[in-house]
Amino acid sequence: MSAANANHAPESHDADHLGHEGHNHGSFRSYMIGFVLSVILTAIPFALVMTGVLPTNATAAIVMGAAVVQIVVHMIYFLHMNTKSEGGWTMMALIFTIVIVVICLAGSLWVMYHLNTNMMPGAHDMTGMG
Amino acid sequence: MSATTVKTDQADVFYLEEEPHHEEGSSTMLGFWLYLMSDCLIFAMLFAVFGVLGGNYAAGPGPRELFDLDLVAINTAMLLFSSITYGFAMLAMDRGAKRQTLVWLAITGLFGLAFLGIELYEFGHLIHEGATPQRSAFLSAFFTLVGTHGLHVTFGIIWLVTLMVQVGMKGLIPANKRRLMCLSMFWHFLDVIWIGVFTFVYLMGMLR
């Protein structure tokens, strides 16, 4: 009997949530905030790279930073991510995905960078051959 | 009925005697989100490939010689505009305004087509200059990553047109609303991927 109760609780919550889903699409205001922030966060990196006013390292850092912030802006204002939707499972899936993505990206770049460095003598001969 | 009660008294039951009632489509949004996350992993792999091979020009042209940032900026604007117009379509859908929803969806589709057109023009220009996918590992990785994103946008537009027809024929019924919400997530997700593309491929490429 207790098992049945436990199963009913999240279900009723889901049904409740579904009823509120109409309000989960944000408002005109939240879309405009997201849009304006995105425009700013796109214009800054493009302007920096096109004009080249800052040293390369500083430009690269700002470009990467703007991208990360803009992705978060899109997640919040366009994809309406929050910790409560679908009982928190969308957030759990997102966190899991981010962990996997970071492991794959960082791991690949790290391993292949060291492989390149350690294979340097061969790599010189190979560049001409492509 | 009484027979089952007698049975439950005697032995434990390890299954639900009655299937819990789920509203139709109540799990669709979560399921579609999980699909998007797996799609995200595909792009992560392609980004990793580009990160590893992005410097192997095989004595061919590099990003500085090939990329036209003005074009990329216009493309980025197209996709961003299409994102906000899709948002307006969702707001119109919430109000139950079928005609406005269709108009905003059409505008979104046009921005999407403009994005695709500019991207195909860029690809054509590159291939015309001899910068084909076969030229170097950098170009193979570039065409695979950017092409996969373009292919997603293409299917997004096909999906969008399909939904416009369905909304036109059946109106804003719950099933169509659910489909529009799925496409909304897909469309905004593609814009998120594009942030990664223009940052890592184009802008960082120019800084290399």
Residue match in the range A:79-90 (condition: facing chain B (nearest Cβ under 8 Å) and charged (D, E, K, R)): yes
Neighbours by Cβ (under 8 Å, 6+ apart or cross-chain): first from the range B:93-107, at pLDDT below 95; second in a helix (DSSP H, G or I) and exposed (fewer than 15 other Cβ atoms within 10 Å of the Cβ): B:D94/A:G22
Residue satisfying all of: in the range B:131-150; without any contact (Cβ under 8 Å) to a residue 60 or more places away in the chain and more than 18 Å from the chain's Cα centre (by Cα); farthest from B:P63 (Cα to Cα) among these: B:Q134
Failed condition for B:K177, given (1) outside any loop (DSSP other than H, G, I, E, B); (2) within 30 Å of B:P61 (Cβ to Cβ); (3) of a type in the set (K, R): (2)
Condition broken by A:I76, with the remaining ones in (1) part of a helix (DSSP H, G or I); (2) surrounded by 14 or more Cβ atoms within 10 Å (Cβ to Cβ); (3) at the interface with chain B (Cβ under 9 Å from one of its Cβ atoms) satisfied: (3)
Number of the condition not met by B:Q134 [criteria: (1) more than 14 Å from every other protein chain (Cβ to nearest Cβ); (2) not in a helix (DSSP H, G or I)]: (1)
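The values are calculated or read from the model by the stated rules, or taken from the named source; none is laboratory data. Because the structure is predicted, anything quoted here is derived from the model rather than measured. Glycine also receives a Cβ, built like all others from the backbone with ideal geometry; neighbour counts cover every protein chain displayed.
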